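Only the coordinates and a few stated rules stand behind these numbers; no lab work does. On a predicted model such as this, the values are computed, not experimentally measured, just so you know. No Cβ is skipped: glycine too gets one built from the backbone with ideal geometry, and neighbour counts run over all protein chains shown.
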Amino acid sequence: MLKALVLLQIAALHYDDLRTHRPTHRPGHRAEERAGERGSVTIEHVLWAVAVIAIVGVVVAAVTSYVKSQAGNIN
């Protein structure tokens, strides 16, 4: 769980770096086209990280519920 939170924090910091960086125009490169897609990969990583955190939360809740119900059966 901690790894997922660290990944989310790193992704957010990386997105902030990409957002504030202004690309320089190099001959043969289309900076205007790349600027529109800048950060889209990072946003995708953040969304995946949020999805993984949600899935882990559901799995932890299910395992905890199962263990508590089985603990009640112990004599």
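For a protection proxy built on the mean count of beta-carbon atoms within 10 angstrom, sort 53-66, 1-14 highest first, please.
Answer by packing, highest mean first, reads 1-14, 53-66.
Suppose the chain between Tyr66 and Ile43 were pulled fully straight at 0.36 nm per residue; how much longer would it get relative to their current alpha carbon spacing?
So the extension gain works out to 4.8 nm.
Among residues other than Ala51 whose Cβ falls under 15 Å from its Cβ, what is the net charge (Lys/Arg +1, Asp/Glu -1)?
Residues close to Ala51 contribute a combined charge of 0.
HN-Hα J couplings of region 51-66 from phi, Karplus 6.51/-1.76/1.60, θ = phi - 60°, integer Hz, Gly and Pro as x?
Ordered by residue, 3J(HN,Hα) equals 5, 5, 4, 5, 5, 4, x, 5, 5, 4, 5, 5, 5, 4, 4, 5 Hz.
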